[in-house]
Structure formats: structure tokens, C-alpha cells
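Contents: one structure, followed by commentary.
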Amino acid sequence: MIVVMKPEASRDQVDHMVAHIAALGMSPQVIVGTQRTIIAAIGEERPGLTEALEPGEGVEKVLPIMAPYKRASIELKAERTVVKARGLEVGGSKVAVIAGPCSVESEAQIVGLAGSLKALGATGLRGGAYKPRTSPYSFQGHKEDGLKMLAAAREQTGLAIVTEVMAPEHVRMVADYADVLQIGARNMQNYQLLQAVGDSGKPVLLKRGMSATVDEFLLAAEYILDRGNPGVMLCERGIRTFEDHTRFTLPLATVPYLHQKSHLPVVVDPSHGTGKAKLVTPMALAAVAAGADALIIEVHDDPEHAVSDGSQTLTPAAFGDLMARCRRIAEAVDRTL
Ligand code: PEP
Ligand code: MN
């Protein structure tokens with residue numbers, strides 16, 4: 001529910017309503033505006049709540065929050081969220097780019113590549129140390145050693161490290177090395193993991209599950225926000241459909257749709273979204289045109305020999321071309337990159 005206070009409501013009246021909302025078993029969130037204060041009452045909406053809140057002193061009106069997600073909703077927070085991790089800023093007027101290999105393979109690989117990516121304009125470095133692989137026989141990642149390699153690349157370049165965490169019991173350790181915790185598509189509805197990254201307080205890149213609806217995606221974000229962690233980025237990475245000419249189907253209408261429903265920044269992953277290196281740059285351009293706040297792109301010095309996802313991976317030269325072309329699209333939509 002949203003409790004809208006009268007413009008002249010006193011501090012005591014606001015405090016009283018906050019306590020009243022908490023006593024009703026809901027979580028109060030005070031939003032002080034220039035004209036008036038509103039108090040969001042977050043929790044399960046049940047009959048009788050309006051009647052319990054409306055008579056409060058200083059209350060002008062009580063409105064339901066229409067969306068099933070509350071903290072993620074634009075109804076609760078109109079101004080856009082900007083997520084910051086070192087030099088990586090997602091959600092402002094500048095379109096950010098996170099780039100790097102699918103998997104961290106060696107320290108020399110990740111440190112060398114990070115230098116090239118930084119020179120080409122990336123502000124975030126991606127790379128999996130824990131890899132969610134479809135087959136248990138595929139490379140599972142270098143795990144903590146891989147995290148140390150990422151930390152070495154950050155030491156050299158200052159790039160913000162974006163890396164996946166797959167289990168609640170690993171969150172603390174991964175958070176010791178990473179600047180942004182990535183939740184993979186296969187874990188979007190792993191609610192204990194969502195709560196654990198919420199508790200970590202670190203920025204989170206939440207990937208859309210490959211068969212999740214947009215409401216389910218936003219409710220997954222809600223799990224993280226509900227633990228008091230406001231730093232959530234929503235990443236569209238493609239969904240499963242009947243199509244088989246691409247690895248997944250990348251629905252770019254989600255970008256403006258999410259912007260209309262939520263204040264959270266939206267990232268697009270055209271690498272996993274298409275599965276084909278030749279389609280990555282065209283879809284990156286389209287994503288920027290559609291309003292994406294950031295791109296996440298797989299890049300490797302030698303994609304043919306990458307240990308995972310080589311067929312969707314760009315060379316640094318191709319990535320440089322993507323950056324140059326995306327800059328021109330960004331300018332056309334009144335942004336920079
Ligand atoms: C990845 O980014 O390397 C990855 C595994 O992505 P997704 O979870 O979207 O499949
Ligand atoms: Mn990958």
C-alpha cells in the first residue's frame with residue numbers, strides 16, 4: 001500500500017504511521033518528496049488494510065501498489081536507480097559496457113584481455129570463475145583461483161569485476177573479490193541465493209531466467225531489494241522459444257517495458273542472447289537504440305580456443321568495432337557510451 005501524507009503532515013504524524021504500519025506486520029519505507037511525504041507499506045496486501053491506515057492523522061489517502069513487485073516498481077520510486085561499482089555506472093546518461101571472456105582461463109589471459117578492454121572503453125570486466133554448465137563434464141571454472149585472477153586484473157586496470165555466484169554459501173567469498181555479483185539465468189529463481197546476495201549489500205547483475213516472464217523476473221529482483229540491497233541491475237539475456245536459428249531469442253521490447261514498470265537499470269547480453277558472434281554487434285546496436293543502460297559482451301583474444309562459448313565471443317578487434325558503432329547509436333538516442 002502507499003500512504004500519501006498531507007502536505008502539512010507533521011514529523012510526529014509520519015512517525016506514528018511508520019510505527020502503525022510496522023505493527024500491522026508490514027515493512028514501512030518513508031519517501032520524502034518536495035511536496036509531501038509518502039510511506040510505502042510493503043508486505044502481503046490483505047483485506048482491511050486500507051481501513052486500518054486511512055484514519056491516521058495527517059493521512060491524505062491510501063492507494064494500493066498495483067504491481068505484484070513493490071520495491072522494484074516505478075509506483076514506489078519514480079527516479080531511476082543508478083548502480084555504481086568503481087568506474088562502472090549503470091543507469092545514468094552514459095551507456096556502460098561490461099566485457100570479458102565467458103570463463104576466466106588463466107591469469108595471463110584475464111590480465112592481458114582486461115588491459116585491451118579498458119583501452120577500448122569497457123568499465124566492467126566480466127568472467128566466470130564458477131560456471132553453470134549444462135553438462136557436468138564441461139569445464140566448471142577455476143573457482144576461487146579464478147576469482148584471484150580477476151582480482152589481479154582489477155589491480156592492473158581498475159575495472160569493476162562482474163562474476164557469477166552460484167550458491168548461497170559462496171556469496172561471502174565471491175563478494176570478497178567481486179565488485180558486482182552476477183546471478184545466472186539458471187538461478188534466477190533460486191530464492192535463497194537471491195536473499196544471500198541481497199544480504200551481501202554488493203551490487204547485483206540479475207539475469208533473466210530463460211523461461212521466466214517479466215513479472216517473475218521483477219519478483220526475483222524484489223527478493224534482493226527486500227533484503228535492503230538497492231543495487232540491482234536487470235539483465236535481458238534471451239529466452240527459450242521455438243526458434244532455433246539463434247541459441248536463445250533476444251526480446252528487446254523488454255528494455256522499454258522494464259523501464260516503464262521499474263526504476264532499475266536494464267542491461268542487455270547479446271552474446272548469450274544470440275549465441276552467434278556475427279549477430280552480437282547488430283543486436284548490441286539495437287539494444288542501445290531500445291534504451292539499454294549497459295551491455296555485457298563476451299570477448300576473448302582467441303575465441304576459437306575459448307574453453308566456453310567461443311562461438312558467441314568477439315575478438316578485441318570486433319569488440320572495438322562494436323564500441324565505435326554503439327557510440328554513434330548512443331548519440332542518436334541522446335546518450336553517450
Ligand atoms: C554467463 O554470463 O556466462 C552466463 C552463464 O550467462 P547466463 O546465466 O545468462 O546463461
Ligand atoms: Mn558464456
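The values are calculated or read from the model by the stated rules, or taken from the named source; none is laboratory data. Quick caveat, the model's predicted, so the values are computed rather than measured. Reconstructed Cβ throughout: ideal geometry from the backbone, glycine too, with neighbour counts over all protein chains shown. Only protein heavy atoms, including side chains, enter the accessible area calculation; ligands, DNA and RNA are left aside. Shrake-Rupley method; radii C 1.70, N 1.55, O 1.52, S 1.80 Å.
Things worth noting here:
- Dipole magnitude of region 218-314, debye to nearest 20 (Cβ charges: Lys/Arg +1, Asp/Glu -1, about Cα centre): 300 debye
- Surface accessible to a 1.4 Å probe, per residue, for the residues of the chain, Å²: 43 Å²
- Of all accessible heavy-atom area on the chain, the percent that carbon and sulfur account for (1.4 Å): 52 percent
- GNM result for the chain, Cα springs below 10 Å: residue of Leu252, Leu53, Leu125 fluctuating most strongly: Leu53
- Cleavage-rule hits, chymotrypsin sites (Phe, Trp or Tyr not before Pro), region 116-162, DSSP coil, Cβ neighbours within 10 Å at most 16: Tyr137, Phe139
- Using a Gaussian network model of the chain in which every pair of alpha carbons under 10 angstrom is joined by a spring, one finds that among His272, His20, His259 the greatest mean-square fluctuation is at His20.
- In a reduced charge model with +1 at each Lys and Arg Cβ and -1 at each Asp and Glu Cβ, the chain shows a dipole moment near 520 debye about its Cα centre.
- Among beta bridges from DSSP that stay inside the chain, the antiparallel ones total about 40%.
- Interatomic Cα distance distribution for the chain, bins of 20 angstrom, percent: 31, 52, 16, 1
- Close Lys pairs in region 53-123, defined as Cα atoms under 20 Å apart and 8 or more places apart or on different chains, number 5.
- GNM remark for the chain: springs join alpha carbons under 10 Å apart, and the peak mean-square fluctuation among Glu216, Glu45, Glu236 falls on Glu45.
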